[in-house]
Each structure stands twice: as C-alpha cells, then as structure tokens.
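Q: First, the structure itself, so that you have it in front of you.
The values are calculated or read from the model by the stated rules, or taken from the named source; none is laboratory data. The structure presented is a predicted model; accordingly, all values stated were derived computationally and were not measured. Methodologically, a virtual Cβ is constructed for each residue, glycine included, from the backbone with ideal geometry; neighbour enumeration extends over all protein chains shown.
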Amino acid sequence: MRGYSLSRAAIRAAQTRLRPIVMTSLAFIAGVLPLAIATGAGANSRVAIGTGIIGGTLTATLLAVFFVPLFFVLVKRLFTRQRPSQE
C-alpha cells in the first residue's frame with residue numbers, strides 16, 4: 001500500500017483480508033462438520049479425519065491472518081537492513 005509505513009501497510013492488508021479468509025474457513029468447516037460428528041459404522045475414522053481437518057483449518061486461518069503479515073514485516077526489515085551494508 002503506497003504511502004503507508006511497513007507496519008501500517010501489513011496491518012491494513014491483514015484487515016482487508018480478514019473477512020474473506022474467515023468466511024472461506026467457516027464455509028469449509030461447515031462442510032467438514034458432518035465428518036466430525038459422524039455416528040454409525042466407521043464413525044471413529046470419520047471423526048478423527050473431521051477433527052484433524054477442522055483443527056488444521058483453524059490453525060491455517062490464524063496463521064494467515066496474524067503470522068503471515070508479522071513475518072512479512074520481520075523479513076522485510078531484516079533484508080532492508082542488510083542491503084546497504086552489502087554494497
């Protein structure tokens with residue numbers, strides 16, 4: 001984002017992407033929920049798969065919303081500091 005500091009641009013980008021990421025994740029979790037609450041024959045394996053998928057989706061959502069912008073700022077600052085000393 002032009003005209004913003006690095007930190008502010010990362011925060012604005014995270015705010016912009018928050019809603020689409022959360023909506024996509026919730027839709028996917030809603031689709032997998034029947035696996036996590038399965039009953040009947042073979043339910044144990046379906047519950048295990050559903051629980052793992054839901055946990056992974058929640059983890060990926062948190063990583064995408066919070067840690068990706070954070071790591072972007074950290075890496076960008078790291079390489080910006082190293083560039084002048086190499087020349």
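Q: Have a look at Phe28, Phe66 and point out the one that is at pLDDT 95 or above and either aromatic (Phe, Trp, Tyr) or within 10 Å of the chain's Cα centre (by Cα) (or both). Before you say what the answer is, go through the steps one by one.
A: Numbers: Phe66 fails: at pLDDT 95 or above.
Of Phe28, Phe66, the one residue that is at pLDDT 95 or above and either aromatic (Phe, Trp, Tyr) or within 10 Å of the chain's Cα centre (by Cα) (or both) is Phe28.
Q: Among the residues of segment 20-34, count how many are farther than 30 Å from Leu78 by Cβ and either touching a Ser or Thr at 6+ places or on another chain (Cβ under 8 Å) or not in a helix (DSSP H, G or I) (or both).
A: Qualifying residue count, segment 20-34: 3.
Q: Assess whether Arg17 counts as being part of a helix (DSSP H, G or I), of a type in the set (Lys, Arg) and in contact (Cβ under 8 Å) with a residue 24 or more places away in the chain. Break it down stepwise before answering.
A: Numbers: part of a helix (DSSP H, G or I): yes; of a type in the set (Lys, Arg): yes; in contact (Cβ under 8 Å) with a residue 24 or more places away in the chain: yes.
Criteria met by Arg17.
Q: While we're here: Please go through segment 21-49 and pick out each residue that is surrounded by fewer than 10 Cβ atoms within 10 Å (Cβ to Cβ) and not aliphatic (A, V, I, L, M).
A: Thr39, Gly40, Gly42, Asn44
Q: Out of everything in segment 1-25 that is of a type in the set (Lys, Arg) and farther than 28 Å from Ile53 by Cα, what residue ends up being modelled with the lowest pLDDT? Give the steps one after another, and end with the answer.
A: Pass one, segment 1-25, residues of a type in the set (Lys, Arg): 2, 8, 12, 17, 19.
Next, only the ones that are farther than 28 Å from Ile53 by Cα stay: 2, 8, 12.
Details: Arg2: 77, Arg8: 92, Arg12: 92.
For segment 1-25, the residue satisfying everything is Arg2.
Q: For segment 50-57, does any single residue satisfy the condition of being of a type in the set (A, V, I, L, M, F, W, C), exposed (fewer than 15 other Cβ atoms within 10 Å of the Cβ) and either free of Cβ contacts under 8 Å to residues at least 60 places away in the same chain or assigned to a helix (DSSP H, G or I) (or both)? Spell out the reasoning first.
A: First, the residues of segment 50-57 that are of a type in the set (A, V, I, L, M, F, W, C): 53-54.
Checking which are exposed (fewer than 15 other Cβ atoms within 10 Å of the Cβ) leaves us with none.
For segment 50-57, residues of a type in the set (A, V, I, L, M, F, W, C), exposed (fewer than 15 other Cβ atoms within 10 Å of the Cβ) and either free of Cβ contacts under 8 Å to residues at least 60 places away in the same chain or assigned to a helix (DSSP H, G or I) (or both): absent.
Q: Which of (1) assigned to a helix (DSSP H, G or I); (2) over 30 Å from Thr80 (Cβ atoms); (3) polar (S, T, N, Q) does Thr39 not meet, given it meets every other one?
A: So the condition that Thr39 fails would be (1).
Q: Select from segment 18-35 the residues that are of a type in the set (A, V, I, L, M, F, W, C) and over 21 Å from Ala64 (Cβ atoms) and list them in ascending order.
A: Hit for segment 18-35 is Leu35, nothing else.
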